[in-house]
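Sharing a structure with you now.
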Amino acid sequence: MDTVRTGTIVRNTTETQIALTLTVDGQGTYQVSTGIRFFDHMLELFTRHGGFDLTLTCKGDLDVDQHHTVEDVGIALGEAFLEALGDKKGIMRAGYFVMAMDETLAVAAVDLSGRVAYVVDDQVTVPVVGDFQTELVSDFFDGFARGAKANVHVKTMYGRSNHHKIEAIFKAFARAMRGACSRDERMREMLPSTKGLL
């Protein structure tokens, strides 16, 4: 149970070139560059609030659109968690968190179940926050769920600031993932499933 859980992903397509290293049991350190500053900020706070370490560079076709960059980073980050967690023995598997951020409240729930599903209800009412196309919040979590083979549900309960709505979701998601990835010493040799496979 003392091994360092890391995942390294290199993903090169005609649309994006991604290099990513994740340490699940980290100290919240990050070096992130995607070419979309608001998205970088969300990934940085995800890393800090999750207690992960993340090094990530993505060179995407931002002259076309932000979609490929955001979705592919989600996929690669999910794949890194899948790799880092290995056979998933001894992990909590599921996690949830309710995050307050000033006037906004958001909730996230995840299950590292081996099955892919995602639901995003961010309540964002503007097309752009900072330099980020807000409709891509869903594409990020779609990509992450596929890469991690996980269930991911995130929802803004209420709020005024669209910036806060997105940020609260990413913070809640970080804390939920931290819980799901955490180790249960009592079940260190057990898979958290009655099926025998995750």
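Kindly rank 19-29, 41-51, 164-174 from highest to lowest mean number of other beta carbons found within 10 Å of each residue.
164-174, 41-51, 19-29
Sorting ARG146, ARG11 by accessible area (1.4 Å probe), largest first, what list results?
Ranking ARG146, ARG11 by accessible area, largest first, yields ARG146, ARG11.
Per residue, how large is the accessible surface of the range 1-153? Use a 1.4 angstrom probe and give square angstrom. Please report the intermediate quantities before stating the final value.
Details: 6690 Å² over 153 residues.
Spelled out: the 1.4 Å probe surface of the range 1-153, per residue, equals 44 Å².
Ok, one more. Can you pull the Kirkwood radius for the range 1-156, inverse mean 1/r over Cα pairs, to one decimal in Å?
15.9
Could you name the lysines whose alpha carbon sits less than 17 Å from that of LYS171, not counting residues in the same chain fewer than 8 places away?
Reachable lysines: LYS155.
Something else now. Just the number, please: carbon plus sulfur as a percent of the accessible area of the chain, 1.4 Å probe, no ligands or DNA/RNA counted.
51
Mind checking the full-extension length gain between ASP63 and ARG186? Use 0.36 nm per residue of separation minus the Cα-Cα distance, one decimal, nm.
39.2 nm
OK, next. Can you send over the solvent-accessible area of TYR118, 1.4 Å probe, protein chains only, in Å² to the nearest 10?
Number for this one is 90 Å².
How far, in degrees from 0 to 90, does helix 67-85 lean away from the longest principal axis of the Cα atoms of the chain, to the nearest 10?
Once rounded, the angle reads 10 degrees.
With +1 on each Lys and Arg Cβ and -1 on each Asp and Glu Cβ, how big is the dipole of the range 44-198 about its Cα centre, in debye rounded to the nearest 20?
With Lys and Arg at +1 and Asp and Glu at -1, about 940 debye.
Same structure, new question: THR21 to ASP87: extension gain in nm, 0.36 nm per residue of separation minus the Cα-Cα distance?
21.9 nm
The values are calculated or read from the model by the stated rules, or taken from the named source; none is laboratory data. Remember, predicted model here, so these are calculated numbers, not experimental data. With ideal geometry, Cβ positions are generated from the backbone for all residues, glycine too; neighbour counts draw on all protein chains shown. These accessible areas exclude ligands, DNA and RNA; they are computed on the full protein's heavy atoms, side chains included. Shrake-Rupley method; radii C 1.70, N 1.55, O 1.52, S 1.80 Å.
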